[in-house]
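Scroll down for the structure; my scribbles are underneath it.
Readers should treat all values here as calculations from the given coordinates under stated rules, not as data from a laboratory. All values reported here derive from a predicted model rather than from experimental measurement. Here Cβ is always computed from backbone atoms with ideal geometry, including for glycine, and neighbour counts include all displayed protein chains.
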Amino acid sequence: MSGPVRVALAGLGWWGQKITAVLQAAPDEVTIVRAIEPNAEFAMAFEKAHGIPVTAELDAALVDPDVEAVLLVTPHSLHAAQIAACVAAGKHVFCEKPLAMTRAAAVAAVDAVEAAGLILATGHERRYEPPIARMIAAADRGEMGRLMQFDATFSHDKFLSLDPTNWRLGAGDAPAAGMTATGIHLLDLAVRLMGPAKSVICSCETLASELPQGDTISAFVMFKGGGTATIAANLAMPFVSRCSLFGSEAWIDVRDRAHVEAPDGWVVTSARKGGKIEVEEVGPAEPVRDNIVAFARAIRGQAAYPITTGQMIETAALLEAIVSSSKSGELVTL
Ligand SMILES: NC(=O)c1ccc[n+]([C@@H]2O[C@H](COP(=O)([O-])OP(=O)(O)OC[C@H]3O[C@@H](n4cnc5c(N)ncnc54)[C@H](O)[C@@H]3O)[C@@H](O)[C@H]2O)c1
């Protein structure tokens, strides 16, 4: 097949609307042919704004031969069953993060997709932030020397104003403070840079909210290949997002100037052995669009999707261990 990949968009909430907006700038790559949204008010508003048909149930899209792929932008606890249904219907799947809450669920998704010869992608757009892409490339080329530590935080208090019954604040969909909301992006980067995790120990506390599953989490991760990561994700502080990679030859620190919802560029601080500390401003980009375009190009056979299924499984395994340690406070071995 050629031309833009024809997708069904499931979930028209905060992020489904963001994805709709960014894909309007990639009409040659992806086109939304239908949407799925059980909230009738959201569904009607979307149909009116975009002229795209919306149904309440995913099944209608799965039997539509015009749909090549599904973008799942739905609550976390729905992802596993929705991926399985899409794959059974022969549709490629882009699933928002977390792709899976456990190693077993990630393995099931990957096995199903691979057996069906389909493409699986996930919403870790941080890999497409230009300074992060440069960090990964520098590490891969060996320019940073032996990678030793990854230290990152990604927090915001956007969800505190939601109704307390919202799934975003529930321990089932969103355990371990901000780990499924924001920290999961850092787990993907940590696994990409440092490899599979060996063990993790967390502190998870409720310090400035009423959230029973915590608003403040810090995870200390040890990797099978050596090296460590410290990862924080807080649900009760003003927006902050930064990550640093430290190697024996160089280090790089990337600070976001704004949330990826409305990208405003990055401040990159770095140093090489024997050199001065350099500070650089990097202009805005649209990584959410670029990640979905990469999914579309993989479907068309133009380039492999860069987040490997092995990395998806290791990230899910690390999330599962973090959730476990967030409850017990004990070291969890993967
Ligand atoms: N990649 C990112 O940076 C990023 C940012 C924000 C959210 N997300 C992810 O996007 C997903 C959705 O988050 P959100 O913030 O938009 O939540 P949201 O609550 O604003 O939207 C979710 C929508 O899904 C709808 N929905 C519920 N059940 C459904 C079903 N069975 N089929 C189709 N739609 C259904 C809800 O009615 C709601 O409109 C989550 O996985 C979240 O982690 C990713």
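Annotations
- Here's the picture: charge each Lys and Arg Cβ at +1 and each Asp and Glu Cβ at -1 in the chain, and of I19, G123, T31 the one pushed furthest to the positive end of that dipole is G123.
- Under the convention that each Lys and Arg Cβ holds +1 and each Asp and Glu Cβ holds -1, the size of the dipole of the stretch 1-158 around its Cα centre is about 420 debye.
- Think of the chain as having a plus end and a minus end, set by charges on the Cβ of Lys, Arg, Asp and Glu; of T55, T216, S77, T216 sits farthest toward the positive end of this dipole.
- Relative contact order of the stretch 218-300: 16 percent, from C-alpha pairs under 8 Å at least 6 residues apart in sequence.
- Computed over the chain: relative contact order in percent, which uses C-alpha pairs under 8 Å that are six or more apart: 19
- Dmax and Rg, reported as Rg then Dmax, of the stretch 62-187 (C-alpha, Å): 17.1, 51
- The lysine pair count for the chain, using Cα distances under 30 Å and pairs eight or more places apart or on different chains, is 17.
- Spatially, the stretch 260-334 and the stretch 1-74 are offset by 25 Å when compared through their Cα centroids.
- Positive contributions from Lys and Arg (+1) and negative ones from Asp and Glu (-1), summed over other residues with Cβ under 12 Å from the Cβ of A232, come out at -2.
- Among W14, W266, W251: highest mean-square fluctuation, GNM of the chain, C-alpha pairs under 10 Å: W14
- Remark on the stretch 157-256: Rg and Dmax equal 14.6, 48 Å (Cα only).
- Computed on the stretch 32-188, with alpha-carbon pairs under 8 angstrom and 6+ residues apart, the relative contact order is 16 percent.
- Using a Gaussian network model of the chain in which every pair of alpha carbons under 10 angstrom is joined by a spring, one finds that among A84, A304, A152 the greatest mean-square fluctuation is at A304.
- When the stretch 150-200 is described by a simple charge dipole with +1 on each Lys and Arg Cβ and -1 on each Asp and Glu Cβ, the residue from L187, G172, L162 located farthest towards its positive end is L187.
- Charge dipole magnitude, Cβ of K and R +1, D and E -1 - the chain, Cα centre, debye nearest 20: 860
- Over the stretch 244-308 - Rg/Rh using Cα atoms and the Kirkwood inverse-distance radius: 1.12
- With all pairs of separate Cα atoms included, the chain yields a Kirkwood hydrodynamic radius of 20.4 Å.
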